[in-house]
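Visitor: Here you go, one structure.
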Amino acid sequence: MLLLRSHLLLLLSPRARLLRHRAAPPPLPHASRFRPPRMSSPPSNARSPAPSPPPPVVSSPLPPALQSARHAEVPMSKIRFCSACGSPTKLAIPDGDEKMRAICSSCGRVHYENPKMVVGCLVEHDNKVLLCRRKIEPAYGLWTLPAGFLEVGESAADGASRETLEEACADVEILSPFAQLDIPLIGQNYIIFRARLKTPDFSPGPESLECALFALDDIPFDSLAFSSIIVTLRMYLEDVKSGNIKFHYCTINKRLAAYYGILLYLKRNLCYSVCRLGTGPSDLRSFDIDNHFSV
């Protein structure tokens, strides 16, 4: 009892109260702070006052990237400086155009951004397909078809063969185009070729942790690197099961709805982050397929 009493006296002392006040976190905004004060009951013959309007919602502004994310259909221009004179650019719609472009604030040059071409091979060998486990970001440690960006001066087929040689040290023969996949949100266009190994030799290249041949039933769909690879291999499996390998075209539309909850959470918690919409291994299943044609 004496010990409890001493603790109570300590907590009630002015110094203890001051220390507790300094250590306490600042109060968070709460709806109760905006409630109108209580009033006594009016007389029975008095008119009821009009209800007070709800208090305005006070929120800190989000970064521009997050403000426009919900309504974004295509990525905004990443060109910040003019390649001709080095001056900063501004976003505007040029005369006779209908899209926002990066325009030099000094010389007026209009900078256009075009989709990137990605080429690769679906390598078949003994009813198996060749996959590479990535040694680089993005999607480090996940499996993918050997593929990469097309270089200037090479055909799509040559680029696909080169990427397969670089990533899997495999010399292949192109058999036929298998799939063309458009991903408008991230500005990429894929062309995947069916190919076969000229020799049964392959090994990891500088960008691969390992390479392996997978039976069709053993493809690690839960560990694939990109939505484009998931779509390509699913279409290939369906064709093999039907006994008819076709050429496919489709559009992969990344869904932004998966990010609305994240953006709302960030806004409510005043926590800012840079979101890469529609990319990365964390959103592999957040896509829809449109305009799927096969011949």
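The values are calculated or read from the model by the stated rules, or taken from the named source; none is laboratory data. On a predicted model such as this, the values are computed, not experimentally measured, just so you know. Ideal geometry is used to build each Cβ from the backbone, glycine not excepted, and the neighbour counts take in all protein chains shown. Quick note on the areas: whole protein, heavy atoms, side chains included, nothing else; ligands and nucleic acids left out. Shrake-Rupley method; radii C 1.70, N 1.55, O 1.52, S 1.80 Å.
Visitor: Restricting attention to segment 187-201, does a residue exist that is open to solvent by 50 Å² or more (accessible area, probe 1.4 Å) and within 27 Å of Glu137 (Cβ to Cβ)?
Guide: So far as segment 187-201 goes, no, none of its residues is open to solvent by 50 Å² or more (accessible area, probe 1.4 Å) and within 27 Å of Glu137 (Cβ to Cβ).
Visitor: Given the options Pro75, Pro53, name the one that is surrounded by 11 or more Cβ atoms within 10 Å (Cβ to Cβ) and modelled with pLDDT under 90.
Guide: Working: Pro53 fails: surrounded by 11 or more Cβ atoms within 10 Å (Cβ to Cβ).
Result: Pro75 is the single residue among Pro75, Pro53 that is surrounded by 11 or more Cβ atoms within 10 Å (Cβ to Cβ) and modelled with pLDDT under 90.
Visitor: Among all residue pairs at least 6 apart or on different chains, which show Cβ distances below 7 Å where the first residue, located in segment 156-175, is without any contact (Cβ under 8 Å) to a residue 40 or more places away in the chain and more than 13 Å from Gly205 (Cβ to Cβ) and the second is open to solvent by less than 70 Å² (accessible area, probe 1.4 Å) and in a loop (DSSP other than H, G, I, E, B)?
Guide: The qualifying pairs are Ala156/Leu150.
Visitor: Which one of the conditions (1) aromatic (Phe, Trp, Tyr); (2) buried (at least 16 other Cβ atoms within 10 Å of the Cβ); (3) farther than 18 Å from Val119 by Cβ does Phe226 fail to meet, given that it meets all the rest?
Guide: (3)
Visitor: Count, please, the residues in segment 165-175 that happen to be out of contact with any helix residue (DSSP H, G or I) (no Cβ under 9 Å at 6 or more places or on another chain) and either within 7 Å of Ala195 (Cβ to Cβ) or open to solvent by 50 Å² or more (accessible area, probe 1.4 Å) (or both). Spell out how you get there, then give the answer.
Guide: Pass one, segment 165-175, residues out of contact with any helix residue (DSSP H, G or I) (no Cβ under 9 Å at 6 or more places or on another chain): 165-169, 175.
Subsequent filtering for residues that are either within 7 Å of Ala195 (Cβ to Cβ) or open to solvent by 50 Å² or more (accessible area, probe 1.4 Å) (or both) retains 165-166, 169, 175.
Of the residues in that region, 4 qualify.
Visitor: Another question, if that's okay. Just wondering, is there one or more residues in segment 239-248 that are closer than 28 Å to Phe149 by Cα and modelled with pLDDT under 95?
Guide: So in segment 239-248, the residues closer than 28 Å to Phe149 by Cα come out as 239-240, 245-248.
Those left that are additionally modelled with pLDDT under 95: none.
Checked against the condition, which is being closer than 28 Å to Phe149 by Cα and modelled with pLDDT under 95, segment 239-248 yields no hits at all.
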